[in-house]
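Structure record follows, encoded as structure tokens.
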Amino acid sequence: MIDEYENEKIKGLPQDLPTGEALLWQGSPDWRSLFRHMVHGYKVAAYFALLGLWSMMSTLNDGGNAGDILLGLGRVLFAASIGLGLLAVIAKITARTTVYSITSRRVVMRIGMVLPMTVNLPYRAIGSADVKNYTDGTGDIALGISSGDRLAYLHVWPHVRPWRINNPEPALRSLPDVQKASHILGTALAAFAASNPQIKPAAARMPLFPVGRTKTPSAEPLAARTAASSAPDKPRHRNTGMAEAHA
């Protein structure tokens with residue numbers, strides 16, 4: 001069996017890191033969280049449940065018997081199993097083909113269910129980073145891109161903050177260890193800002209997000225909201241899967 005990623009020397013990175021750049025963290029989405037929050041599997045299941053209830057009430061109203069009710073419910077159940085099954089497959093494939101990497105200089109996203117693609121986000125191009133916690137303990141980290149640098153929403157979907165179409169924000173979706181990843185990224189952004197005085201952070205605090213503390217999803221500042229430098233590196237993506245080294 002051929003693995004399209006078998007030539008990767010480092011998982012998630014198509015080539016060795018340049019001298020002076022260190023790999024700090026790697027992770028992949030949790031497929032169950034993607035099923036719930038990316039493809040909205042729970043909402044789809046609720047829709048089919050309501051559809052089954054409507055079918056039962058409609059059959060009773062039309063004078064149907066128990067057999068008619070079971071037949072109608074069977075049809076709804078069949079459609080639900082196909083629909084939810086497809087959504088689960090999409091979530092699993094997305095999780096299996098995705099690797100997020102945080103280095104001392106950039107965030108790298110190896111994504112793509114059909115066509116593998118590597119997205120490089122150098123810290124110079126990251127204007128903000130926000131964490132969204134979910135009640136299941138997973139979470140997203142959305143990366144705001146500095147003005148002048150743009151990524152197409154559809155190019156990086158579903159690895160993007162939902163509904164930010166005009167100003168897409170690449171996102172590390174459904175991370176099972178979002179607290180650890182956010183802490184590492186916050187530290188790296190702060191260290192980068194400190195070593196690059198031309199980039200002035202507006203905030204430099206590192207958050208702690210205890211699991212289960214919030215009952216509803218929340219978005220909070222992560223760390224080191226930076227302004228764009230006079231000559232920022234631009235975020236890049238390649239369908240060839242070849243990552244680029246950034247000084």
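The values are calculated or read from the model by the stated rules, or taken from the named source; none is laboratory data. Every value quoted in this text rests on a predicted model; they were computed, and no experiment measured them. Here Cβ is always computed from backbone atoms with ideal geometry, including for glycine, and neighbour counts include all displayed protein chains.
Within the set of pairs 6 or more residues apart or between chains, which connect a residue that is over 19 Å from TYR134 (Cα atoms) inside segment 178-196 to a residue that is surrounded by fewer than 22 Cβ atoms within 10 Å (Cβ to Cβ) and of a type in the set (Ser, Thr, Tyr) with Cβ atoms less than 8 Å apart?
ALA188/THR103; ALA188/SER104; ALA191/SER104; PHE192/SER104; ASN196/SER229
Among VAL114, VAL89, which is the only one that is surrounded by fewer than 16 Cβ atoms within 10 Å (Cβ to Cβ), over 20 Å from TRP25 (Cα atoms) and at pLDDT 90 or above? So that I can check it myself, show each step before the final result.
Details: VAL114 fails: at pLDDT 90 or above.
Of VAL114, VAL89, the one residue that is surrounded by fewer than 16 Cβ atoms within 10 Å (Cβ to Cβ), over 20 Å from TRP25 (Cα atoms) and at pLDDT 90 or above is VAL89.
Would you be able to tell me the number of residues in segment 95-111 that are more than 25 Å from ALA193 (Cα to Cα), surrounded by fewer than 19 Cβ atoms within 10 Å (Cβ to Cβ) and among the hydroxyl-bearing types (Ser, Thr, Tyr)?
Looking only at that region, the number is 1.
Which ones in segment 28-54 are under 15 Å from ARG96 (Cα atoms) and either in contact with a helix residue (DSSP H, G or I) (Cβ under 6 Å, 6 or more places away or on another chain) or surrounded by fewer than 13 Cβ atoms within 10 Å (Cβ to Cβ) (or both)?
Once the filter is applied, which keeps residues that are under 15 Å from ARG96 (Cα atoms) and either in contact with a helix residue (DSSP H, G or I) (Cβ under 6 Å, 6 or more places away or on another chain) or surrounded by fewer than 13 Cβ atoms within 10 Å (Cβ to Cβ) (or both), segment 28-54 yields SER28, PRO29, TRP31, LEU34, PHE35.
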